[in-house]
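These notes are about the structure you will find just below.
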Amino acid sequence: MCPIFAGTDCKSAQSGFDINTSQLKQNGYNVKGLGQKWVDDTFEIFDDRINSVKAEWTENINYPGGESLGYKEFINVYENTYDQIEAVKATTFYKTMSSRKFINIKDILINQGYIKVILTK
């Protein structure tokens, strides 16, 4: 049993979090770099056990401008190129994860107002 994720073994454990810090900002908290800190801490703890990473980006009124950062970055490139691979590679998510050797784009799912990307090593 994985000590962090009770009820499952470490090989199948999944962890996730929504890095939407707009509410914290509205309440006066300084959140610059918080998402990167969460990612860094996760990789420090689970690095060799992470074999894929997933991002889900959406249109949502709770995000600044009504879109998550990844959604905005992806759509800006995709609307100009119609190239899903190029659009993924233009995102902060891909740039961050590729520096950790997650460079293979396993899956891209695009639905109205929703994009999912899975990367592997």
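The values are calculated or read from the model by the stated rules, or taken from the named source; none is laboratory data. Model, not experiment: these values are computed from the prediction. Neighbour counts are summed over all protein chains in view; Cβ atoms, including those assigned to glycine, are modelled from backbone coordinates with ideal geometry.
Taking residues in region 105-121 that are surrounded by 14 or more Cβ atoms within 10 Å (Cβ to Cβ), and partners anywhere that are of a type in the set (D, E) and modelled with pLDDT under 95, the pairs with Cβ atoms closer than 6 Å and at least 6 places apart or on different chains are K116/E56. Against the criterion of being over 15 Å from the mean Cα position of the chain (by Cα) and at pLDDT 95 or above, N30 does not qualify. Pairing residues of region 32-44 that are on the phi < 0 side of the Ramachandran plot with residues that are in a helix (DSSP H, G or I) and modelled with pLDDT under 80, at Cβ distances under 9 Å and at least 6 apart in sequence or on separate chains, gives L34/L24. For region 48-77, a tally of residues being free of Cβ contacts under 8 Å to residues at least 24 places away in the same chain and more than 30 Å from N27 (Cβ to Cβ) returns 3.
For D48, all conditions in the list (1) crowded, with 17+ Cβ neighbours inside 10 Å; (2) within 25 Å of K101 (Cα to Cα) hold save one; what is the number of the exception? Only one criterion is unmet by D48, namely (1). Against the criterion of being buried (at least 16 other Cβ atoms within 10 Å of the Cβ), out of contact with any Asp or Glu (no Cβ under 7 Å at 6 or more places or on another chain), among the aromatic types (F, W, Y) and outside any helix (DSSP H, G or I), F102 qualifies. Where residues in region 64-98 are at pLDDT below 95 and polar (S, T, N, Q), which of them is farthest from F46 (Cα to Cα)? Filtering first and then ranking leaves S68. Residues that are surrounded by fewer than 13 Cβ atoms within 10 Å (Cβ to Cβ), assigned to a helix (DSSP H, G or I) and of a type in the set (S, T, N, Q) occur in region 73-94; there is at least one.
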